[in-house]
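Chemist: A single structure is presented below for examination.
Just so it is clear, none of the values below were taken in a lab; they were calculated from the coordinates. Keep in mind that this is a model prediction, so the values were computed, not measured. Glycine also receives a Cβ, built like all others from the backbone with ideal geometry; neighbour counts cover every protein chain displayed.
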Amino acid sequence: MILVWLITILFAGGIGAWLSEKRNPELPRVIALATILLDLFLVVLMLVAPGVLGLDSASQAELGQTGEWLILSSSEWIPRFGVAFIFGADGLGLLLITLTVFLGLMSLGSAWNEIKERTGFFYFNLLWTLAGVIGVFTALDLFLFFFFWEVMLIPMYFIIAIWGHENKEYAAMKFFIFTQVSGMLMLLAILMLVFFHYQSTGEFTFSYFDLLGTAIPDGFGFWVMLGFFIAFATKLPTVPFHNWLPDAHSQAPTPGSVILAGILLKTGAYGLIRFTIPLFPEVSADFAPTAMLLGVISILYTAKVAFSQNDLKRLIAYTSVSHMGFVMLGVYAWTSQGVQGAVMTMLAHGFSAAALFMLAGGLQHRIHTRQMDKMGGLWGVAPKMGFMAVFFTVAAVGMPGLGNFIGEFLVLLGSFRISIAAASLAAIGMVVAAVYSLIVIQKVFHGENKNNLVVEDLTTVEMICFGFMMIGLLWMGMYPQSMLNMSEPTLRSLGVLFFQ
Amino acid sequence: MLDLLWLVPVIPFIGFLILTLTFGKLPQLAAGIVGAGSIGLSFVFAFLAGSSFLGAEISSYSQTLWTWMSVGDLEVGFTLYLDGVSLVMMYVITGIGFLIHVYATGYMSGDPSFARFFSYMNLFVSAMLILVLADNLALLFMGWEGVGLCSYLLIGFWYKDPNNGYCARKAFVMTRVGDAFMAIGLFTLFVSTGTLNIQEAMLEAEAQWVVGSGVATAVTLLLLGGAVGKSAQLPLQTWLPDAMAGPTPISALIHAATMVTAGVYLIARTHVLYLLAPEVQYLVGVIGAITLLMAGFTALTQSDIKKVLAFSTVSQIGYMFLALGVGAWSSAIFHLMTHAFFKALLFLTAGSIILAMHHEQDIFKMGGLRKDLRWSHALFLIGTLGLVAFPGFSGFFSKEEILATAMENHDGGYILYLAGLLGAVMTYLYSFRLYFLVFYGKKTHDGHEVMGLHLQGPLVLLAIGAVFAGFIHIPVEGVFPEMEEHHPSVMAQAAMILLPMLGGLLAWWVFVKGKVDTEKLAGQGFGAKLHRFWFTQWGMDWLYDKIIVTPYTWLAEVNKNDFIDSIYNGSARAVRFCHEVMSETQTGELRWYAISIAYGLLLLVVLGVLL
C-alpha cells in the first residue's frame, strides 16, 4: 500500500495547494514542499528501513510473485475487463521513484522564487505530474499504466502553456500532439495485446504478469511491439521522434524543464526496459539492430545540432537527446553492462540535465535572455554559478568520477559485445560531447563581459539544490555499486543477458 | 607504511576540495599553504610508502579501497597498485610537482584567482597519481580523463582572453579523440581477456594471443591512439604548442613533466601487449622518430620562448616513444624522469625570464640578458645542457641508453637510431639557438630578476636534479623483461656524443657570430617556404582545419534548425492547408451548396458509368 500512499499524498497535496491559493498565494509552495518532503521521507524509509513499513518478505508473496519484487499490492478495479490496481516496485522501480521525488524537490526549489502567478494551479500541476510519474514507475496493470501515462502528460501541458516563455502555446501544443499520438499508438497496442491474450486463453486481463509471454499470431508481433516502441521512443526521445523536446524544454519554465529532462524522459527508457522488450522478446531481438542504430544516430546527430544552437536551453535540450541515445543503445544491447549502463545514465542524466536547466533558467531569470551571444565573461561576476556550470557540464561530458561516466562506459562496453560498429561510432559521442559542451562554457562564462551584465550569484536555496545534486553525481560516480546492486535483480528477472 | 599509500592521491584531492569550496574567500597565504602544502604532504607519504616498498623487497603491492563497478563479468575495483614503475612516476609527480607548486606561489602571487589556480593544480596532481597508481585500465582511464580536464581548466585559466579558451578546448578535444580510441581499446581488451586489471590482462593475453594476431594488433593500436593524443605525438601533436597559453607553471607541470608523458607510461605499463604485436611496437618507434624530427625542425623556427620549449617537449617524448619502439622500456621511463627535471627547470626559468621581461615571450625582443639575469642564465644553461644531453648531465645518460639500444636493435632499429642521432643534432641546434638569442647578442630590453626563496629555491633543487638525476637507479627490474647491456664501441660512442655538438657549434656560429643572415634565409624564396612549412607544424593544423573543423561547423550551421523538424511542421502545414481549402467551401450560400450537390451527383454517376 505504501506505493499507493506515495501517489495519493501527491494527488491530495496538489488539490490542497490549489485550494489554498485563495487564502494566501504564498501558501501553495509551502504545501507542495510539505507534500514532497513527506513523500521523500517515505521513500527514504523504504530505502533504509523497509521493515518499519512492513515491507518484508511476507508482504511480497502476493500474486505469487516473489524475489525481485520488494513491494507489490493489488486490488480489483474493473474485474469485468480484467483491469486491476496492481502496484509494484522492485529495485529498478525504487531507484526511479527516488529519482522522481528527489528531482521533484529540486524543481520545487527552482520554482520557489520564479513562479509568481497562479501559484495554486501551478503547484497542483507540479504535484500531479510527479504523481503520474510515480504511477508510471509502479503500475503493473497496463490499463493503469496508460492512465498514469496520461496523468503525467496533461498537467505538464498546462505548465508549459501557462507559465512558459515567449512561444509557449506552440511548444505546449507540439508536446501534447507528439505525446498524445504516440500514446494512442500504445493504447492500440495494449488493446491488441489484451485481445490476443483473450484469444489464446479466453480471459480478459491487463495484468503485466499475465500478459508476459502472450502468444501473438505471426506477423502481428512486430506491429504491436512497434506501438509500444514509438510511444517510449517519443518520450525518451530518440531521433526521429525528438522534435517536441527542444521546443518544450526551451519554452517551459525552469521547474518544468527540470521535471521534463530529469524525470519524464526516463519514463520512456523505463517503458522500454520493463515492457517493450520483456513483452516481445523475439521481435525485439530482431528489431534490436534498428533500435541501436537509432540510438547511435541520436547520439551523433543531435550532438551536432546542439553545437550550432544559440539558445542555451535549446542546446541543453538537444544534448539530452544525445545522452538518451546511449540509453537506447544500452537497452537494446540487452547485456547486463548495457542495461545497467542505461540505468546509470538515466539516473545521472536526471541530475546533470536538471542542474543544467536550473542554471540556464537561473540565468534567464537574471538577464532575461537565453541567447548565448548576448552573454560572456560571467565568471567574473558570478563565480559560483560558473563553477557549478563547469561541474555539471563536465559531468555531462562523461568525466570519470561522476555518474554519467559510469553510465556511458557501461553502455559502450555492453554494446561493444553485441556490435563493435555501433559501440565504436557511439564512442565518437565522447568527442562531440566535448565540442558542444565546452563552447557553452566559453560563450557564457569565459571571455570578456562585453555587455557589462550584472548577475547576482547563486542564492542560498540554489546553492543547496546544486550541492545536493553534486553529491549525488559524485556518489554515483565513485560508488555506483550501491545502485547497480539495486537494479541487478530486476534485470535478471527481465531476462537481461548476464555474462559470468 | 605501505598501507598509507591511499593517502598519496587523497591528500591533494582534499586540498582541491578546501580550495574550491571556499570559493576564493581564502587569503592568498592560506591558499598557498594549502595548495603547495598538500602536495608536500603527499610527497612525504609517497616517500614513506615508497621506502617501505623498497625495503620490503616485494615486486608489487596492491591496495583495494572499494569495489567500483561489478556488473556481470566486469569487476573493477578502486585498487591502487605500486611497483617499480609506478613508484618512479609517483616520486616524479609528487616531488617535482611540489617544487612547481612552491614556485607557483611566487609566480601567481597577486593573481585574483590565486586559490582557483591551486585548486585545479591539486586536482591535477590527484588525478595524475590515480593514473599511475591504478591497477586496472578503468581506473587509469579515470585519472587519464581527470588530468585532461585539469589541463583544459588550466590552459584556459586566464579566461578573459578568448584565445586561451580556444587553446584549452583544442587541447581537450584533440586528446579526447585519442581517448575515444583508447576506450574502444579497453573494450576490446576486456572482451578478449575478460578483465581490465592490467597485470591479469597481460598474463591472459600472453597465454591466449598469438604473436602478431589481429586482436593483439587491434588492442595495441587503439591504446596507442590514446597515447599519441595525451603525449602529443604524431598525428595528434598539434594541441601541445597551443597549450602554452596557460600560466607557465602549468606548462612545466602538466605539459612537460607529467601529463604529457602519460602515453609513455601507458605503453610501458602494458608492454607485454606490445611485445605480442611487434609491428605495432615498431610503429610506436617510428611515430617517435618522425615526431622528434618534425618537432625539432619546428622548434627551430619559433619565436615564442615557451613554444620552443613546447616543441622540444614533443621532440623529447618522441625519444621516449622511440625507446618503447625498440624495447628499451626502462630507458623510456628513465628518460621520462630526467626529462621531468630538466624540462621543468627550463620552463620555470623561462617563467622567471618572462616575469623579468614584464610578460614578454618573444625571444627576438630579448637578447644579451646574461648580465641582467644571472640566476636565470645559470639555471637555464644547466637545463639546456640537460636537454641537449651534454656529457655528465642527466639527459645524457638516458638519451645515450636509448640511442645505444636502438643502434643494436636488429629489427629495423638502425633507421630509428639514425633519426634519433639527427634529432640529437637538431636538439643542440634549437636549444642553443634559444639560449644564445636570449642571453647573448645585443641587449634591447632591460630585465630585472624577480627574486624570492619560493622562486629560486625550487629552481636550484630542480637544477641539482637536472645535473645528477642521471645517476639515480630506477627500480624497474622486476617490471620489464631483462635487457642485455649495450656497450657500443668507443667510436660509436664518440659519434653519439660529438656529432650532435656540431649542432651547438652551428648555433654559435649563426646566432653569436652572426655569420648567416637568418632573416634573409628565412625571408625569401625556398627558404621562406620551408620556414613557413616548419613554422606551421608541417601544415597539420591547416589540414585538420580543412578536413574536420570546417566541414563539421558547416554541417552544423546548415542544419541549425534540424531538418527533421521541418517534416513535422510540413505535415502540420499540410493539415492546415486542407482545413483552409475545406473551410472555403463553407460559404453559407444555398446556391453554392445546391450546385455542389448537383455536380457531386453528376460526378458519381459518371464514375459509376465509367467503372
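Chemist: Is there a pair in B:Lys343/B:Lys365; B:Lys160/B:Lys560; A:Lys443/B:Lys160 whose C-alpha atoms are over 18 Å apart, and which pairs would that be? Numbers along the way, then the final one.
Modeler: On the way: B:Lys343/B:Lys365 23 Å; B:Lys160/B:Lys560 28 Å; A:Lys443/B:Lys160 11 Å.
Check vs 18 Å cut-off fails for B:Lys343/B:Lys365; B:Lys160/B:Lys560.
Chemist: Next up: Using label points projected 7 Å from each Cα along Cα→Cβ, tell me how many nm separate B:Leu604 and A:Arg492, to one decimal.
Modeler: Between B:Leu604 and A:Arg492, the label points sit 6.8 nm apart.
Chemist: How far, in degrees from 0 to 90, does helix B:329-356 lean away from the longest principal axis of the Cα atoms of chain B, to the nearest 10?
Modeler: Between the helix axis and the principal axis of chain B, the angle is about 90 degrees.
Chemist: As a test of the definition: which semi-axes, in Å, follow for chain B when you take the square root of five times each eigenvalue of its alpha carbon gyration tensor? Largest first, please. Kindly include the intermediate steps, with their values, before the conclusion.
Modeler: Working: eigenvalues 545, 201, 153 Å².
Taking √(5λ) for each Cα gyration eigenvalue gives 52, 32, 28 Å.
Chemist: Also: Along the Cα→Cβ direction, 7 angstrom out, place labels at B:Arg573 and B:Asp545. What is the inter-label distance in nm?
Modeler: 3.8 nm
Chemist: May I pose another question? Can you tell me how region B:381-473 classifies by the Cα gyration tensor, rounded, prolate or oblate, using a/c under 1.5 as the rounded cut? Don't skip to the answer; put the middle values down first.
Modeler: Numbers: a/c = 4.43, a/b = 1.68, b/c = 2.64.
Taking the square roots of the gyration eigenvalues as a ≥ b ≥ c, region B:381-473 is oblate.
Chemist: How far apart, in nm, are two points set 7 Å out from the Cα along the Cα-to-Cβ line at B:Thr536 and at A:Val48?
Modeler: Between B:Thr536 and A:Val48, the label points sit 6.4 nm apart.
Chemist: Given region B:129-198 reduced to its alpha-carbon atoms as identical point scatterers, what log10 I(q)/I(0) does the Debye formula return at q = 0.20, 0.24, 0.25 Å⁻¹?
Modeler: The Cα Debye sum returns log10 ratios of -0.81, -0.98, -1.02.
Chemist: If you take the square roots of the eigenvalues of the alpha-carbon gyration tensor of region B:160-516 and sort them as a ≥ b ≥ c, do you get rounded (a/c under 1.5), prolate (a/b over b/c) or oblate?
Modeler: Values: a/c = 2.10, a/b = 1.55, b/c = 1.36.
In terms of gyration-tensor shape, prolate.
Chemist: Further question: State which stretch of chain A is the longest one without any exposed GluC sites (Glu not before Pro), exposure meaning a DSSP loop state and at most 12 other Cβ atoms within 10 Å.
Modeler: Values: sites that count: A:Glu26, A:Glu117, A:Glu166, A:Glu203, A:Glu456.
That would be A:204-455.
Chemist: To the nearest 0.05, how large is the calculated FRET efficiency for B:Tyr552 and B:Glu580 if R₀ is 41 Å and r is the Cβ-Cβ distance?
Modeler: Details: r = 41 Å, r/R0 = 1.00.
With R0 = 41 Å, the Cβ-Cβ based efficiency is 0.50.
Chemist: I would also like to ask the following. If you take all C-alpha pairs in the protein assembly as shown, what percent of them are over 39 Å apart?
Modeler: Cα-Cα pairs in the protein assembly as shown separated by more than 39 Å: 51 percent.
Chemist: Continuing with the same structure: Looking only at the protein assembly as shown, where both bridge partners belong to it, what percent of the DSSP beta bridges are antiparallel (to the nearest 5)? Mind showing how you got there, number by number?
Modeler: Numbers: 23 of 24 bridges.
Counting only bridges with both partners in the protein assembly as shown, antiparallel ones make up about 95 percent.
Chemist: Which FRET efficiency value, to the nearest 0.05, is calculated for B:Tyr593 and A:Thr201 with the Förster distance at 56 angstrom and r the Cβ-Cβ distance? Mind showing how you got there, number by number?
Modeler: On the way: r = 54 Å, r/R0 = 0.96.
Calculated transfer efficiency: 0.55.
Chemist: To the nearest µm²/s, what D does Stokes-Einstein give for chain A at 20 °C and 1.002 mPa s, using the Kirkwood radius over alpha carbon pairs as Rh? All intermediate terms of the calculation are to be shown ahead of the outcome.
Modeler: Details: Rh = 22.6 Å.
Using the Kirkwood radius from Cα pairs, D works out to 95 µm²/s.
Chemist: Under a straight-distance cross-link criterion of Cα-Cα below 18 Å, which aspartates and glutamates are reachable from B:Lys230, leaving out those fewer than 8 residues away in the same chain?
Modeler: B:Glu145, B:Asp179, B:Asp242, B:Asp541
Chemist: Does region B:212-368 come out rounded, prolate or oblate by the C-alpha gyration tensor, with a ≥ b ≥ c the root eigenvalues, rounded set by a/c under 1.5 and, if not, prolate when a/b is larger than b/c and oblate if not? Intermediate results must be reported in sequence, preceding the final value.
Modeler: Values: a/c = 2.66, a/b = 2.32, b/c = 1.15.
Prolate.
Chemist: Give the distance, in whole Å, between the Cα centre of region A:257-298 and the Cα centre of region B:568-611.
Modeler: Each part reduced to its Cα centre gives a spacing of 43 Å.
Chemist: I need the calculated FRET efficiency for the pair B:Ser51 and B:Leu453, taking r as the beta carbon distance and R₀ as 25 Å, to the nearest 0.05.
Modeler: Details: r = 28 Å, r/R0 = 1.10.
For B:Ser51 and B:Leu453, the calculated efficiency is 0.35.
Chemist: Using Cα centres only, tell me the gap between region A:155-183 and region B:112-143 in whole Å.
Modeler: 44 Å
Chemist: Pairing the Cα long axis of helix A:481-494 with the longest principal axis of chain A, what angle in degrees results, from 0 to 90 and rounded to the nearest 10?
Modeler: That helix lies at roughly 30 degrees to the long axis.
Chemist: Can you find, among A:Gly88, A:Ala12, A:Pro28, the residue farthest towards the positive end of the dipole of the protein assembly as shown? Put +1 on the C-beta of Lys and Arg, -1 on that of Asp and Glu.
Modeler: Checked the options; the winner is A:Pro28.
Chemist: To the nearest 10 degrees, how steeply does helix B:490-507 sit against the main Cα axis of chain B, on a 0 to 90 scale?
Modeler: 70 degrees
Chemist: May I pose another question? Extent of region A:283-441 along each principal axis, from alpha carbon coordinates, in Å, largest to smallest?
Modeler: 53, 28, 22
Chemist: May I pose another question? Kirkwood Rh over alpha-carbon pairs of region A:206-348, then Stokes-Einstein at 10 °C and 1.306 mPa s: what D in µm² s⁻¹, rounded to an integer? Could the numbers behind the result be given before it?
Modeler: On the way: Rh = 15.5 Å.
It comes out at roughly 103 µm²/s.
Chemist: How many angstrom separate the Cα center of region B:243-306 from the Cα center of region A:75-119?
Modeler: 53 Å
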